[in-house]
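**Q** Below is the structure I would like to discuss, written out as structure tokens.
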Amino acid sequence: MIDEAAILTVLEELARDVFDDDTIALGRETSAADVPGWDSQGNIMFIVAAEQRFGVRLKPAEFERLRNVGDLAELIAGKLQGR
Amino acid sequence: MSLLPWLPRHDDLGGAIRGLRSMADPSERLAALIALAGHDRDATATGRLDRILGECLASPGLEGAGEASAVAGLRRLRLAILPSHTVDHLVPAIRVAGLGRGLALEVTVGTYGLHRQALLVGDPALEAFAPDLVLLALDATAVLPRLPLASAESEVEAAIGRAVGELRQLWRGVRDRYGARPVQQLLLPTSPSLFGSFDRLVPASPAALVDRLNLAIGAAAREDGALVLDLASQMPERDDGCERFDPVRWHQGKLLINPPFAPVYGECVARIAAAAAGLSRKCLVLDLDNTLWGGVIGDDGIEGIRLGQGSAEGEAYAAFQAYAAGLAERGVILAVCSKNDEAVARAAFDSHPEMVLRSSDVACFRANWEDKPGNIRRIAETLRIGVDSMVFIDDNPAERAIVRRELPGVAVPELPDDVSGYAATVAAAGYFEAAMFTAEDLVRVRSYAADAERAAVLNTATDMEGFLRSLEMRLAARPIAPVDLTRAAQLINKSNQFNLTTVRRSEEDLRVFAQDPGSLALCYRLVDRFGDNGLIGVVLAREDEAFGPGQLLLDTWLMSCRVLGRQVEAAVLGHVAQAAAARGASALIGEYRPSGRNGMVAEHYPGLGFVPIAPPAGVHSGACFWRLDLAAASLPPHHIQLELTA
């Protein structure tokens, strides 16, 4: 079972790839505004990469409710648990 | 699954991309980056490559950095995209795909939805950019106002005419205002069906509108010299559970193309840009053994290779040959590069009856025991083309790897295990994207078995006789020769329906039968104006004690069902009667053995003018016999020309 902390680690890797910056460090409270290049376009690319990596789908409403990386990790964990 | 299946996979693409960062020399770094871009890559890796590409191209140390036309061996080309939907996520993939086509693409994206203003009124920023190509990336709602579903055909026609007229004005703006060539993205069908299949019968249904608009745009583009980007046909619709058009992405950010499909979208655009710049590939270099036929001709011999009708595998090879022939017909140069004895390899081209490609189709034929990169270089010299306009097809992964390493300019697609997928892979790779097609491109015109065309002729011919005449059928008849044995035995062991006796024979049995001087062993090929139908019939006959000398019993008569209803039986009978008479026979004896599956030929012999006779004692139960007196017979008429071959 993959927990939220592990998900966060994977998300950090993904963010480094998507935003092409190996210095990115993600915490639960990190939000798009904290990462250069993480605009609305980048946000979709990041979410798509996360969806593909974890094999989950986010509904538009879930996507819109996300405030920070912690929310995303929690959402993904919940979806993985629901399997 | 992968969206770029023709590109080889890299063991550690992420690591290799990271490695680019540590390379100091910009030229070296760019060369390494171009090599990585030639690997299968997802949208994330493609985006990372694009970022490094931007840094490389901005580096003043790069050879040709200040030049307008070329940089580090790449042709510079400027592409402006005028979109009605979000395309920013696609731009990196376009630039990276350009690298594989010898292009350094500079891409600008116009303001979303302002394409009319830019082209009809003018846009100083676009003018300053001075595009070579302008891609109009519009979705259906931007091209055509929604029509009431009940709109009459004439209203739909008029609306489509107006929409296409407006596009043509935009294309004129691209040319006149910016001196660029227009590329129109065809509409991508994204609306779920309203009526089901019946959509196509409702002129104003979204599905019918998209179809008709695309057709009309194609016709207008052809007249105006515009190019089109046909995403619906060139991009897969889904991959790995992921859809090309994802309504979630559309709702989130008006993304017409789902981000995971960006790399293949980029490919489709880059290949059009390459075609417009004259950088499409020109030559297809083909291996032979297990690429154009199954088996190794040096070991298996011309009779032993698997090719053509009779086995699924053989048909798959013939189909790939037909695809290559189609490319040749549109002007792609074909060459052969094979580790083989040249005489042995050429013999297949000259005398294997199922070969679709012939020696005359091959502009340069190199079969020897030297290494393939050297041979490919020689082919390029002979044809006076660059290796960077060649595509090399080989089933052997080791040969592919060697050619990739020695000649990085040659495109070497990864191929599926099974030849059945070769044509689709070569097509998906888009090496030969065209920007024009005129009569001069036709090296020669070749027509292949096209049942649809035959059916079209049947529709226009006023009657059946006229149809049969118009087919210009020629029946090539010959005694079964060693080279025919495999295919004839396959037919003997596979045919169930048009098979009078269903006597099965091994290849060896057939060889023995054919060699018996007292027997007739004949095979038939049918050629018509649409092409070669291949070996379609086998007749075996010999004297039989039960009927006495001078009477030939038709031991086997079978034909391929695909030539039914074309009077081929009558033509075959004409030939058998001739051959039997030449042997001094006075009569033919026909036998029908019901097998449970061959009811369609129960009336075969009486239909050809044979008269019933009593079955001899001790025959197969249920068998019926007929006789045709050769001296008195009036043979049934047909419209097929008989050709006797040795």
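The values are calculated or read from the model by the stated rules, or taken from the named source; none is laboratory data. Note that this is a predicted model, so its numbers are computed, not measured. Every residue, glycine among them, receives a Cβ derived from its backbone with ideal geometry; neighbour counts consider all protein chains shown. Just so you know, the surface numbers come from the protein's heavy atoms only, side chains and all, with ligands and any DNA or RNA stripped out. Shrake-Rupley method; radii C 1.70, N 1.55, O 1.52, S 1.80 Å.
**Q** In the same structural domain as residue B:636 (by TED's automatic domain parsing), within 21 Å of residue B:322 (Cα to Cα) and at pLDDT 90 or above: which single residue out of B:474, B:478, B:487 fits that description?
**A** Of B:474, B:478, B:487, the one residue that is in the same structural domain as residue B:636 (by TED's automatic domain parsing), within 21 Å of residue B:322 (Cα to Cα) and at pLDDT 90 or above is B:474.
**Q** On to the next question. Tell me, please, whether a residue that is among the β-branched types (Val, Ile, Thr) and surrounded by fewer than 19 Cβ atoms within 10 Å (Cβ to Cβ) can be found in the range A:15-24.
**A** Checked the range A:15-24: at least one residue is among the β-branched types (Val, Ile, Thr) and surrounded by fewer than 19 Cβ atoms within 10 Å (Cβ to Cβ).
**Q** Looking only at the range A:51-76, which residues are within 10 Å of chain B (Cβ to nearest Cβ) and either surrounded by fewer than 16 Cβ atoms within 10 Å (Cβ to Cβ) or of a type in the set (Lys, Arg) (or both)?
**A** Of everything in the range A:51-76, those that are within 10 Å of chain B (Cβ to nearest Cβ) and either surrounded by fewer than 16 Cβ atoms within 10 Å (Cβ to Cβ) or of a type in the set (Lys, Arg) (or both) turn out to be A:53, A:55, A:57, A:59, A:60, A:64.
**Q** All but one of (1) farther than 14 Å from residue B:185 by Cα; (2) in contact with a strand residue (DSSP E or B) (Cβ under 6 Å, 6 or more places away or on another chain); (3) more than 14 Å from chain A (Cβ to nearest Cβ) hold for residue B:253, so report the exception by its number.
**A** Unmet condition: (3).
**Q** Oh, and also: With the structure loaded, tell me whether residue B:33 is of a type in the set (A, V, I, L, M, F, W, C), part of a loop (DSSP other than H, G, I, E, B), buried (at least 16 other Cβ atoms within 10 Å of the Cβ) and not assigned by TED's automatic domain parsing to the domain that holds residue B:242 or whether it fails that test.
**A** Considered against the rule, which asks whether it is of a type in the set (A, V, I, L, M, F, W, C), part of a loop (DSSP other than H, G, I, E, B), buried (at least 16 other Cβ atoms within 10 Å of the Cβ) and not assigned by TED's automatic domain parsing to the domain that holds residue B:242, residue B:33 comes out as no.
**Q** Can we say residue B:535 is modelled with pLDDT under 90, within 23 Å of residue B:321 (Cα to Cα), part of a strand (DSSP E or B) and not charged (D, E, K, R)?
**A** Judged against the criteria, residue B:535 is a match.
**Q** Go through (1) outside any helix (DSSP H, G or I); (2) touching a residue at least 40 places away in the same chain (Cβ under 8 Å) one by one and return the number of the condition residue B:155 breaks.
**A** It fails just one condition, (1).
**Q** Could you please let me know if residue B:331 is in contact with a helix residue (DSSP H, G or I) (Cβ under 7 Å, 6 or more places away or on another chain) and at negative phi?
**A** Considered against the rule, which asks whether it is in contact with a helix residue (DSSP H, G or I) (Cβ under 7 Å, 6 or more places away or on another chain) and at negative phi, residue B:331 comes out as no.
**Q** Considering (1) buried (at least 22 other Cβ atoms within 10 Å of the Cβ); (2) of a type outside the set (Phe, Trp, Tyr); (3) not in a strand (DSSP E or B), say which one residue B:578 fails and leave the rest.
**A** Looking at each condition in turn, residue B:578 falls short on (1).
**Q** Does the range B:315-337 contain any residue that is in contact with a Leu (Cβ under 8 Å, 6 or more places away or on another chain), of a type in the set (Asp, Glu), open to solvent by 20 Å² or more (accessible area, probe 1.4 Å) and within 22 Å of residue B:429 (Cβ to Cβ)?
**A** Yes - at least one qualifying residue is present in the range B:315-337.
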